[in-house]
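Below: one structure, written as structure tokens.
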Amino acid sequence: MKKVELLYKSKIADILNASAEEVFLYWKGRVALYAILQAMGVGEGDEVIIPAFTCVVVPNAIKYLKAKPVYVDIRPDTYNANIDQIESKITDRTKVIICQNTFGLSSNVETLVSIARKHSLYTIEDCTHGFGGTYEGRPNGSYCDAAFYSTQWNKPFSTGVGGFALIKNEPLRSRIEAVNAQLEPTSVKDALSLSVLYFVREKILTDRRYWRMVKLYRWLSKYKLVQGSSSGVEIESTQMPANYFKALSTMQMKKGLSNLNSLEEMLTRRKRNAIRYNEYLAARGKTVVNPQLFDNHSFLKYPLLVQNRDEVLKLAEEYQVPLGEWFCSPIHPVMEHWEQWDFEGEHFPVALRCASLMVNLPTDVEDITPVLRFIDHIDPWIE
Ligand SMILES: *Cc1c(COP(=O)(O)O)cnc(C)c1O
């Protein structure tokens, strides 16, 4: 193992209260999930239970293995799967239950793990929002057989694109080594588009010029001149894109090592801003995140339900607020042809309603005053 790889894994492991041997690195978080599912032996006809409030790359990884995603509706307070509905989804084809740390919040993980044990199923936590945060005092992702994390530029810390897995289950660890032998190395083209991404994100996407630069960035993505987060084929179909199963490059490891240095500061800032949003919204009689959930929340984003979302998004541009649209669909960001992912919207009323009203406030900004001014002008509100 290269020195930088061991350093990177050790630094991640320290934060997860794990050892470097339990950490496995991938080109993206979704690739980590795909590797974990393979190590669990998921294949044709198997069923994998997932929340009906996910990113399309999650059911994609399941479909690539010819298995079937089985969805569970969410709770409107946590945006996580409704734990009371999980057991009814288990059949003799079920192999794995995936839970999610939505916006940085895990919930009912111990209950989920005990349900899975009772039925001899594997558990995976989608911790792509939650690295650095904790659930009931222990690092996010450490309760399940395996967890996967993302280091895409919007996630807790960035390597441009990137991801890793934490595998607590020992037999799975030896199996994933064999799976990982198939990983492709980074191509020259990937390395180049990653360099463009680093340049664009770090040198150009400064707050002051954010909106102008977002337009430039979208143009670069359109012409595939910069490493994007998802390719067209991943959003339009369940076909695996070419060169999907790739390893993390040394370049990404170095970037990760350097960005991990500001993780603590970012976690503190996110929590502080979320508390201020809660106070501000509560003082105006608006819906807030239940303060009882705060201990387990790391607030990668602050979720907010609004009416007239299109107008709210326009208003955000006017107020120069980098408002997020995560989970504008229960299988974000896919807005149509859900049947390709075996998703039947009518069975998931809570997820559908939340997805139709969802925006997310930024928590990583230094100064939230413009966001508060913007909040004052959103009308009417969802109660
Ligand atoms: C970002 C994200 C992923 C995938 O992570 P990548 O590193 O982009 O592959 C999976 N699930 C959720 C909920 C996400 O937000």
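Computed quantities for the displayed model
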{"quantity": "Condition check for Val306: over 30 Å from Leu65 (Cβ atoms), in contact (Cβ under 8 Å) with a residue 60 or more places away in the chain and touching a Pro at 6+ places or on another chain (Cβ under 9 Å)", "calculated": "yes"}
{"quantity": "Pairs, first closer than 15 Å to Leu300 by Cβ in region 88-116, second in a strand (DSSP E or B) and modelled with pLDDT under 95, C-beta under 7 Å, six or more apart", "calculated": "none"}
{"quantity": "Filtered residues of region 324-341 (kept if surrounded by fewer than 16 Cβ atoms within 10 Å (Cβ to Cβ) and either at pLDDT 95 or above or more than 20 Å from the chain's Cα centre (by Cα) (or both))", "calculated": "Glu336, His337, Glu339"}
{"quantity": "Failed item, numbered, when Lys3 is tested on (1) touching a strand residue (DSSP E or B) at 6+ places or on another chain (Cβ under 8 Å); (2) farther than 30 Å from Ile382 by Cα", "calculated": "(1)"}
{"quantity": "Tally of residues being away from the ligand (no atom under 15 Å from the Cβ) and in contact with an Asp or Glu (Cβ under 8 Å, 6 or more places away or on another chain) across region 338-351", "calculated": "5"}
{"quantity": "Count of residues meeting criterion [farther than 16 Å from Phe164 by Cβ, more than 8 Å from the ligand (Cβ to nearest atom) and surrounded by 21 or more Cβ atoms within 10 Å (Cβ to Cβ)] in region 44-63", "calculated": "11"}
{"quantity": "Subset of region 64-96 that is under 15 Å from Pro51 (Cβ atoms) and of a type in the set (Gly, Ala, Ser) - its residue that is surrounded by the fewest Cβ atoms within 10 Å (Cβ to Cβ)", "calculated": "Ser88"}
{"quantity": "Arg173, sole failed condition from (1) within 16 Å of the ligand (Cβ to nearest atom); (2) within 25 Å of Gly133 (Cβ to Cβ)", "calculated": "(1)"}
{"quantity": "Hey, Pro322 in a loop (DSSP other than H, G, I, E, B), over 23 Å from Ser237 (Cβ atoms) and touching a strand residue (DSSP E or B) at 6+ places or on another chain (Cβ under 7 Å) or not", "calculated": "yes"}
{"quantity": "In region 79-136, the residues that are touching a Ser or Thr at 6+ places or on another chain (Cβ under 9 Å), under 26 Å from Leu357 (Cα atoms) and more than 15 Å from the ligand (Cβ to nearest atom)", "calculated": "Ile83, Ile86, Asn108"}
{"quantity": "Residue within region 330-341 that is of a type outside the set (S, T, N, Q), touching a helix residue (DSSP H, G or I) at 6+ places or on another chain (Cβ under 9 Å) and closer than 16 Å to Ile378 by Cβ present", "calculated": "no"}
{"quantity": "Test: Ala146 is buried (at least 20 other Cβ atoms within 10 Å of the Cβ), more than 14 Å from the chain's Cα centre (by Cα) and small (Gly, Ala, Ser)", "calculated": "yes"}
{"quantity": "In region 285-319, the residues that are under 30 Å from Glu265 (Cα atoms) and in a helix (DSSP H, G or I)", "calculated": "Pro291, Gln292, Leu293, Phe294, Asp295, Asn296, Val312, Leu313, Leu315, Ala316, Glu317, Glu318"}
{"quantity": "Condition check for Lys11: over 20 Å from the mean Cα position of the chain (by Cα), more than 15 Å from the ligand (Cβ to nearest atom), surrounded by fewer than 21 Cβ atoms within 10 Å (Cβ to Cβ) and assigned to a helix (DSSP H, G or I)", "calculated": "yes"}
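Residues checked against (1) in a strand (DSSP E or B); (2) surrounded by fewer than 20 Cβ atoms within 10 Å (Cβ to Cβ):
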| position | (1), (2) |
| --- | --- |
| Val42 | no, no |
| Ile98 | yes, no |
| Ser114 | no, yes |
| Ser120 | no, yes |
| His129 | no, no |
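The values are calculated or read from the model by the stated rules, or taken from the named source; none is laboratory data. Quick caveat, the model's predicted, so the values are computed rather than measured. Cβ coordinates were reconstructed from backbone atoms using ideal geometry, including for glycine residues, and neighbour counts include every protein chain displayed.
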